[in-house]
Amino acid sequence: MLDWSAGGVLVAGVDEVGRGPLAGPVVTAAVILDPARPIAGLADSKILTEAKREALFGIIQRDALAWSLGRAEVEEIDRLNILQATMLAMQRAVAGLRPPPQHVLVDGNRCPVLPCTSEAIIKGDATVPAISAASIIAKVTRDREMVAMDAQYPGYGFAQHKGYPSPAHLAALEQLGATPIHRRSFAPVRKIVASS
């Protein structure tokens, strides 16, 4: 196996999207970048325009040494809690990488249990290119899914707010009730379900 990464170690960046929403899965991505094929323009997915994220999504998939998605569904979020579900989704993303990484850099302040060494980096999505790439893969994937959910559950505005608790989403929840993709363990949804 060729050592592609600096220092001769295969390093993956991992990030999540969707911890805060009231609906939909939490989606994670793991990316091992190829130093021989640097990708220009990587940054925290939240500060990029949608068009820029979409463009980089295809470039990362093409030029990265490896990339993988992980997720935890609404039922898992409600059963485990959002933190544990996020850790599970991250484990799934890392497990999908071929070749497997020898070291993992995780955005945030804690790491899931992994079969290799790992390190949590606060604001890593803004400073570590592999984490930036993972944040872009995860965000584009989840955003596309929430746009599809908007067609399946019209009236909630999922295409606009992506499930986050915006005033429009809270008003729709109040008026229309919870859908099967709403997280019942989250207080605003729990309140609606209890009162209906």
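The values are calculated or read from the model by the stated rules, or taken from the named source; none is laboratory data. Remember, it's a predicted structure, so these values are computed and weren't measured experimentally. Cβ: placed from backbone, ideal geometry, glycine included. Neighbour counts: every protein chain shown.
Worth pointing out:
- Boolean, residue 143 is among the acidic types (Asp, Glu) and closer than 24 Å to residue 44 by Cα: yes
- Tally of residues being of a type in the set (Ser, Thr, Tyr), over 17 Å from the mean Cα position of the chain (by Cα) and surrounded by 15 or more Cβ atoms within 10 Å (Cβ to Cβ) across region 75-120: 1
- Of the helices (runs of 4 or more DSSP H) lying entirely inside region 91-196, those carrying at least 2 residues that are farther than 27 Å from residue 64 by Cβ are 129-152, 158-161, 167-176, 187-195.
- When region 166-196 is filtered for residues that are without any contact (Cβ under 8 Å) to a residue 40 or more places away in the chain and among the polar types (S, T, N, Q), the ones remaining, listed by number, are 166, 175, 195, 196.
- Residue 21 part of a loop (DSSP other than H, G, I, E, B), over 18 Å from residue 116 (Cβ atoms) and modelled with pLDDT under 95: no
- Lone qualifier among 50, 16 - being of a type in the set (Asp, Glu), buried (at least 19 other Cβ atoms within 10 Å of the Cβ) and under 21 Å from residue 127 (Cα atoms): 16
- Here region 20-46 is the region considered, the condition is being aliphatic (A, V, I, L, M) and without any contact (Cβ under 8 Å) to a residue 60 or more places away in the chain, and the residue that is surrounded by the fewest Cβ atoms within 10 Å (Cβ to Cβ) is 40.
- Residue in region 99-109 that is among the polar types (S, T, N, Q), farther than 12 Å from residue 14 by Cα and touching a residue at least 60 places away in the same chain (Cβ under 8 Å) present: yes
- Among the residues of region 136-154, none qualifies, meaning not one is over 18 Å from residue 33 (Cβ atoms), crowded, with 24+ Cβ neighbours inside 10 Å, of a type in the set (Ser, Thr, Tyr) and more than 11 Å from the chain's Cα centre (by Cα).
- Matching residues, region 46-70, being of a type in the set (A, V, I, L, M, F, W, C) and either at positive phi or in a strand (DSSP E or B) (or both): 66, 67, 69
- Positions within region 58-74 being in contact (Cβ under 8 Å) with a residue 40 or more places away in the chain and either buried (at least 20 other Cβ atoms within 10 Å of the Cβ) or within 30 Å of residue 187 (Cβ to Cβ) (or both), in sequence order: 60, 64, 65, 67, 69, 70, 71, 72, 73, 74
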